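Encoded as structure tokens, the structure appears first; notes follow it.
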Amino acid sequence: MTKKNSPQTALVHSDYRAPDGFDAFPVGIHHASTVLFPTVAAMRARNWKEKSGYTYGLHGTPTTFTLEARLAQIEGGRHCRVVPSGLAAITMVNLAMLKTGDDVLLPDNVYGPNREQAMWLERDFGITARFYDPLIGAGIAELIQDNTRLIWTESPGSVSMEVSDVPAICAAAKVRGVVVALDNTWSAGLAFAAFDHGIDIVMQALTKYHSGGSDVLMGAVITRDDELNHRIELAHMRLGFGVGMDDVYMVLRSLPSMRLRFDAHDAAAREIASWLKQRPEIAKVLHPALPDCPGHQIWQRDFTGAGGLFSVIFDPRFSEVQIDRFVDALTLFKIGFSWGGAHSLCVPYRMQSMRQSWGHQGGLVRFNIGLESVVDLIADIKQGLLAMNAAT
Ligand SMILES: Cc1ncc(COP(=O)(O)O)c(C=O)c1O
């Protein structure tokens, strides 16, 4: 791919070449457990601990290598490995970077299973895990210890939506030689240039926008630095995190439309968020593009888009039972986790049980705005609010 192409063109065109004598746009689906070598010498020449040619199906075929190259390009990185889920990508970063006696810092709003895994590492593996205020910015410097090896960032947090000052966190970490990883799933790698803002390792849940179909589970870890990539490569090989080629193909098939889908989610979500802001039932709209959202100015400074995921806080006069009634009354918005697909979703969260600190009284509900008509989605929310107001 030549450098002069715009990012949208790069999402459509790839460097993949079909076998000689055949040509077509789709990437071939190369299934393999056994990979064949022409000679013993050729087999011995391939290093299965690194991504240097094909060695065994678990470590990749032309289908995975093509997706990995494209993901590295989208994020502005140089190296990428795909794994069976976003959570597997988190696991791979943790196990590549941490060992017994080390310390890891995570934002208090971090994706729940990442938090759960960090607590497991602390309980059973002798790695301390400490949680910081996602709005801490340069103040992270005071938390860094001599044994701190990894700082996780997730910006915005995917439920409470605080936007972190990632460049300030990275600058403080760099002074102490600490690696900073970012869960960049909210921006799909399209709306936040992680490496340009100082991040060392990007983790993506491809399950969301990259797949776009609410049907594939997959994750990726992307780096620019060769030494960090080497550690990720070793972890990938040791963990056995292979992915199915049909799933890889489904993600490849979705890439050309990702930017257009993301922008459509973004436009619809901003319209619905602004509409919700006018409603008397809603105390705050936690959408990074709106001033209610903690870190809104940082989003304005660092991001170029927003996607479809945001949350609202209800006025405290509405009980949990009433808010649940609102969610149950919705017909277009379905109740379910995840996001980035065509269907709108809605989930009420019990924040007090998820965080060390949570200052709001009213209940939080998260919306994933899909690709339906905004008029229909607003009508659905309106009738849901009516049902809530009628409930006692
Ligand atoms: C912010 C964030 N990171 C990571 C993940 C994990 O992705 P997966 O479901 O593919 O394990 C999720 C999934 O909900 C998520 O919301």
- Message: For segment 188-204, give me each residue that is away from the ligand (no atom under 16 Å from the Cβ) and either touching a strand residue (DSSP E or B) at 6+ places or on another chain (Cβ under 8 Å) or of a type in the set (Gly, Ala, Ser) (or both).
- Response: Ala193, Phe195, Gly198, Asp200
- In segment 311-325, residues that are out of contact with any strand residue (DSSP E or B) (no Cβ under 9 Å at 6 or more places or on another chain) and open to solvent by 20 Å² or more (accessible area, probe 1.4 Å) total 4
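Residue-wise test of (1) open to solvent by 10 Å² or more (accessible area, probe 1.4 Å); (2) in contact with a Ser or Thr (Cβ under 7 Å, 6 or more places away or on another chain); (3) over 17 Å from Ser214 (Cα atoms); (4) at pLDDT 95 or above.
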position: Leu309; (1), (2), (3), (4): no, yes, no, yes
position: Val327; (1), (2), (3), (4): no, no, yes, yes
position: Leu364; (1), (2), (3), (4): no, yes, yes, yes
position: Glu372; (1), (2), (3), (4): yes, yes, no, yes
position: Val375; (1), (2), (3), (4): yes, no, yes, yes
position: Ile378; (1), (2), (3), (4): yes, no, yes, yes
- In the set Leu190, Leu228, which member is in contact with a helix residue (DSSP H, G or I) (Cβ under 9 Å, 6 or more places away or on another chain) and part of a loop (DSSP other than H, G, I, E, B)? Leu190
- Output the residues belonging to segment 66-77 that are open to solvent by 40 Å² or more (accessible area, probe 1.4 Å) and in contact with a Phe, Trp or Tyr (Cβ under 9 Å, 6 or more places away or on another chain). Ala69
- Query: If you check every pair at least six apart or on different chains, which have Cβ atoms under 7 Å apart with a residue in segment 99-126 that is in a helix (DSSP H, G or I) first and a residue that is of a type in the set (Gly, Ala, Ser) second?
  - Reply: Ala118/Ala129; Met119/Ala129; Leu121/Ala129; Glu122/Ala129
- Task: Select from segment 350-362 the residues that are touching a strand residue (DSSP E or B) at 6+ places or on another chain (Cβ under 6 Å) and open to solvent by less than 40 Å² (accessible area, probe 1.4 Å) and write down the one among them that is nearest to the ligand (Cβ to nearest atom).
- Result: Met351
- What number of residues in segment 329-349 are touching a residue at least 60 places away in the same chain (Cβ under 8 Å), open to solvent by less than 70 Å² (accessible area, probe 1.4 Å) and part of a loop (DSSP other than H, G, I, E, B)? 5
- Task: State all residues of segment 44-65 that are open to solvent by less than 70 Å² (accessible area, probe 1.4 Å) and not in a loop (DSSP other than H, G, I, E, B); if no residue qualifies, say none.
- Result: Gly57, Leu58, His59, Pro62, Thr63, Thr64, Phe65
- Lone qualifier among Gly157, Gly177, Gly137 - being away from the ligand (no atom under 16 Å from the Cβ), open to solvent by less than 10 Å² (accessible area, probe 1.4 Å), more than 30 Å from Ser33 (Cβ to Cβ) and not β-branched (Val, Ile, Thr): Gly137
- Message: Quick test for you: out of Thr207, Thr223, Thr185, pick the one residue that is buried (at least 24 other Cβ atoms within 10 Å of the Cβ) and away from the ligand (no atom under 13 Å from the Cβ).
- Response: Thr223
- Query: Any idea which residue in segment 81-111 is most open to solvent (accessible area, probe 1.4 Å), counting only those that are farther than 28 Å from Ser353 by Cα and under 16 Å from the mean Cα position of the chain (by Cα)?
  - Reply: Pro84
- All positions within segment 1-54 that are among the polar types (S, T, N, Q) and either touching a residue at least 12 places away in the same chain (Cβ under 8 Å) or in contact with a Lys or Arg (Cβ under 9 Å, 6 or more places away or on another chain) (or both): Gln8, Ser14, Ser33, Thr34, Ser52
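The values are calculated or read from the model by the stated rules, or taken from the named source; none is laboratory data. None of the values given here were measured: they were computed from a predicted structure. Backbone-built Cβ (ideal geometry, glycine too); neighbour counts: all protein chains shown. Side chains are part of the model used for accessible areas, which takes the heavy atoms of the whole protein and leaves out ligands, DNA and RNA. Shrake-Rupley method; radii C 1.70, N 1.55, O 1.52, S 1.80 Å.
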